[in-house]
Each structure stands twice: as structure tokens, then as C-alpha cells.
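The numbers here are math on the coordinates, done by the rules we state, and not lab data. Just so we're clear, the structure is a prediction, and the values are computed from it rather than from any experiment. Counting neighbours? That spans all protein chains shown, and the Cβs are built from the backbone with ideal geometry, glycine included.
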Amino acid sequence: MATMPSIDSWLAEAKADPSADSCGMYLVHNGTVRATPKSEVRGSEAPPCGLRPGERVAGMRFSYDADAVDAAVAAARAMPGIGYVRVWLNEGELAVGDDIMLVLIGGDIRPHVVEALQALVCRLKDECVTEVELPA
């Protein structure tokens, strides 16, 4: 398990980046391990690596494909109006409350930044990471 970087430091670095002149907005996503199974909060069947609705999560095993993450970040950077993208992902066995990921997106206007953050987090979760929920 790694220590999550400082959001304040990331924002300071983003605002010092050459892209800052074109960025009018930054959004941050901080994903954490929750005690409720994914299947319960999404109203779906339990995935092969998940728990059933009503069960409790004690933690998760979390890993990622670095090449897939790099491709997802590149795709987000190529979206209209996006000037800055940074991603940190944890790894290993995590407990409820531990940080899973940190994503920072900077861009010109709110609709572009919101869309890019949504697209990037969805792609990371759907294509780049493996989450195995551990029962309580």
C-alpha cells in the first residue's frame, strides 16, 4: 500500500505547469474503499471478484495495468479543452477507508473538465484496474 500524494501539492504543481494559462477549472476525484459491496450500490449482480448485496466489505486487493493507465491518461489529455491530467493509483491489500485513486483534471471550462473526469475515472475503473472485494 502506497501513501496518497498531497492534493495541495498536486494543485500547486498544476498551477505552475505551462498549461495553467488555459485552465479555468480543476477537478479532483479521490476514490476510497467502502464497506458496501459494489453490487449493492450499483444495484447489480455480484461480479466474479465481488461480494453480494447485503454482505460487508473488509477491504480489497487492488492492482492496475500501467500501460492501460497511460493510454487512458493520454486519451483524457486529448479531449477538448483539457490542459492537465494527473493520476495516482494505490496497489495491494487495502482496508475500508484507504485511498484507491487520486485523479486531477484541469481544463478550460466546466463542461469539458467534468466530462473528462467522468470519462477518465470510468475508463480507469472499467479497463485499467482490478478490484477484489474482501469479505468482513
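Quick one: is residue 94 closer than 24 Å to residue 23 by Cβ and either part of a strand (DSSP E or B) or among the β-branched types (Val, Ile, Thr) (or both)?
no
Of the residues that make up segment 42-52, is at least one among the basic types (Lys, Arg), surrounded by 13 or more Cβ atoms within 10 Å (Cβ to Cβ) and either assigned to a helix (DSSP H, G or I) or in contact with a strand residue (DSSP E or B) (Cβ under 7 Å, 6 or more places away or on another chain) (or both)?
Scanning segment 42-52, I find no residue that is among the basic types (Lys, Arg), surrounded by 13 or more Cβ atoms within 10 Å (Cβ to Cβ) and either assigned to a helix (DSSP H, G or I) or in contact with a strand residue (DSSP E or B) (Cβ under 7 Å, 6 or more places away or on another chain) (or both), so the answer is no.
Of everything in segment 29-66, what is out of contact with any helix residue (DSSP H, G or I) (no Cβ under 9 Å at 6 or more places or on another chain) and either of a type in the set (Asp, Glu) or closer than 30 Å to residue 12 by Cβ (or both)? Give them in sequence order.
Matches in segment 29-66: 32, 33, 40, 62, 63.
May I ask you to say which residue of 36, 130 is farther than 16 Å from residue 1 by Cα and polar (S, T, N, Q)?
None of the others qualify; the one that does is 36.
Got a number for residues in segment 97-119 being without any contact (Cβ under 8 Å) to a residue 60 or more places away in the chain and buried (at least 21 other Cβ atoms within 10 Å of the Cβ)? Please lay out each step first, then the result.
Start the filter on segment 97-119 by keeping residues that are without any contact (Cβ under 8 Å) to a residue 60 or more places away in the chain, which leaves 111-112, 115-116, 118-119.
Then keep just the ones that are buried (at least 21 other Cβ atoms within 10 Å of the Cβ); that gives 116.
Number of matching residues: 1.
Which numbered condition trips up residue 94, out of (1) over 24 Å from residue 8 (Cβ atoms); (2) surrounded by 14 or more Cβ atoms within 10 Å (Cβ to Cβ)?
Here residue 94 meets the rest and fails (1).
Please go through segment 1-23 and pick out each residue that is touching a residue at least 40 places away in the same chain (Cβ under 8 Å), surrounded by fewer than 15 Cβ atoms within 10 Å (Cβ to Cβ) and assigned to a loop (DSSP other than H, G, I, E, B).
Within segment 1-23, 1, 2, 5, 17 meet the criteria.
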